[in-house]
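Here the structure comes first, spelled out in C-alpha cells, and everything after it is commentary.
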Amino acid sequence: MSGLLPRLGLYVAIAAPLLLIAATDRPFLIQVAIGTAISAILALAWDILSRTGQVSLGHAAFFGIGGYGSALLTPLFGMVLGWIAGILVCGLVAVLLGSVTLRLRRLYFTIATLSFSLSIHVVILVTPGITGGSTGIMPPVIAGGSPPLQLAFITGCLVAAAVVSDVFLGRRFRPAFFMIRNNPDLAAASGVPVTRLKVLAFAVSGMVAGLAGACYCGLYGYVIPEDVFTTNWNVLPLAVTILGGMDTTLGPVVGAVVLRLLEEVARHFVGGVGYQVVYGAVIILFIVGMPEGLVGFFRNRLRRRWPQPGEPQAKPRLAS
C-alpha cells in the first residue's frame with residue numbers, strides 16, 4: 001500500500017498535464033503533446049529491454065509492425081481486437097527474433113536489431129499486395145480524427161505503458177534483470193533463467209513499441225513505410241531515455257518532454273530536418289556529463305541533501 005500511492009500519484013502527474021492540454025483549444029499544443037506522449041511510450045518500451053543489458057537499435061521495426069498490424073487487422077476484427085492482434089504480432093515477432101539474437105551480447109545484438117529493422121522495411125516495400133508497398137495504407141483514424149480525443153486516448157495508452165514499466169521494476173523482475181545485465185554468467189549460475197527473461201523483456205518491449213506505432217498510424221488515416229520504419233524511431237527512444245534517465249518510469253517521460261522542447265528550439269533556429277542534430281548532441285552530452293539522466297541527477301541531489309538511513313548510494317549506469 002505504501003508503494004501504491006506514489007505510483008498512482010505518478011500516473012496522475014503524467015496524465016493530468018496532457019488531459020489539461022486536450023481540454024484547451026490550441027491545436028499546436030495538442031499536436032506537440034501527442035508527439036511527446038508517443039515518444040514517451042516508445043522510450044518506455046526501449047528502457048524495459050535495456051534493463052537486461054541489451055541495447056536495441058531496431059525498435060522502429062516493432063513501431064512499424066504495430067502500426068501496420070493494427071491498420072490491417074482493424075477492418076477484419078474491429079478496432080479493439082485489431083489493435084490487440086497487431087500488438088500481439090509484435091510480441092510474437094520479438095519472441096522469434098529474441099530466441100535467435102538474445103544470446104548475442106552488446107554490439108552484436110545491437111547490429112542484429114538494426115539489421116532486422118532495415119529488413120522489415122524492405123519486406124513492407126516488396127509486398128504491395130498486402131501492405132500497399134511504397135504508397136502506404138490508410139488505417140482507421142483514432143477518435144474520429146478529433147485531436148483532443150486522440151490526445152486523451154494516447155494519454156491512456158501512455159499510462160498503461162507506465163504501469164507495464166513499473167511491473168518490470170518491481171521485486172519480481174528488477175533484481176533478476178539487473179543481475180542479468182551486470183553479470184549474466186553469475187545470474188545463470190544462481191538459477192536465473194537468463195535467456196527466458198531476456199525473451200520476455202524483448203516481447204513486452206516489442207508490444208509496447210507496437211502500441212506506440214498503432215497510436216501514430218491512427219492519427220491521420222494515412223501512413224507510408226518511410227513514416228514508421230525510419231531510423232529516427234530507432235534513435236529517438238535511445239536519446240529520450242538517456243536524457244531522462246534509465247531504469248525508471250519517470251525518466252523516459254521526462255526525457256520525451258525535454259527532448260521535444262529542445263527539438264522545437266532547434267527547429268526554430270535550424271529548420272528543416274537539421275533539428276535532428278539534437279538527438280546526437282543529447283546522447284553525447286549526457287553520456288559524458290550526466291550518465292544518470294535528469295531524473296537520476298535530481299534524485300541523487302535530493303538524496304545527498306536529505307539522506308535516508310541505510311539507503312545505498314545510487315550509481316549511474318549506461319546500458320552496455
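See the values below:
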| item | result |
| --- | --- |
| The range 33-52: number of residues that are part of a helix (DSSP H, G or I) and either open to solvent by 10 Å² or more (accessible area, probe 1.4 Å) or of a type outside the set (Gly, Ala, Ser) (or both) | 12 |
| Some residue of the range 282-297 being open to solvent by 10 Å² or more (accessible area, probe 1.4 Å), part of a loop (DSSP other than H, G, I, E, B), of a type in the set (A, V, I, L, M) and more than 28 Å from residue 124 (Cα to Cα) | yes |
| Unique match (being more than 30 Å from residue 107 (Cβ to Cβ) and at pLDDT below 95) among 67, 78, 53, 58 | 78 |
| Qualifying residue in the range 154-166 (condition: small (Gly, Ala, Ser) and touching a Ser or Thr at 6+ places or on another chain (Cβ under 6 Å)) | yes |
| Test set (1) surrounded by fewer than 24 Cβ atoms within 10 Å (Cβ to Cβ); (2) within 27 Å of residue 85 (Cα to Cα); (3) modelled with pLDDT under 95; (4) not polar (S, T, N, Q) - residue 15 fails condition number | (3) |
| Filter result for the condition that a residue is within 15 Å of residue 67 (Cα to Cα) and not polar (S, T, N, Q), over 191, 213 | 213 |
| Residue identified as of a type in the set (A, V, I, L, M), at pLDDT 90 or above, over 17 Å from residue 90 (Cα atoms) and open to solvent by less than 50 Å² (accessible area, probe 1.4 Å) among 149, 238 | 238 |
| Residue pairs meeting the criteria (Cβ under 6 Å; at least 6 apart or on separate chains; first free of Cβ contacts under 8 Å to residues at least 12 places away in the same chain, in the range 128-144; second of a type outside the set (A, V, I, L, M)) | 143/150; 143/153 |
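The values are calculated or read from the model by the stated rules, or taken from the named source; none is laboratory data. In this text the structure is predicted, and so the values were computed from the model without any measurement. Don't worry about glycine lacking a Cβ; one is built from the backbone with ideal geometry, like all the others, and counts go over all protein chains shown. Please note that ligands, DNA and RNA were not included when accessible areas were found on the heavy atoms of the full protein model with its side chains. Shrake-Rupley method; radii C 1.70, N 1.55, O 1.52, S 1.80 Å.
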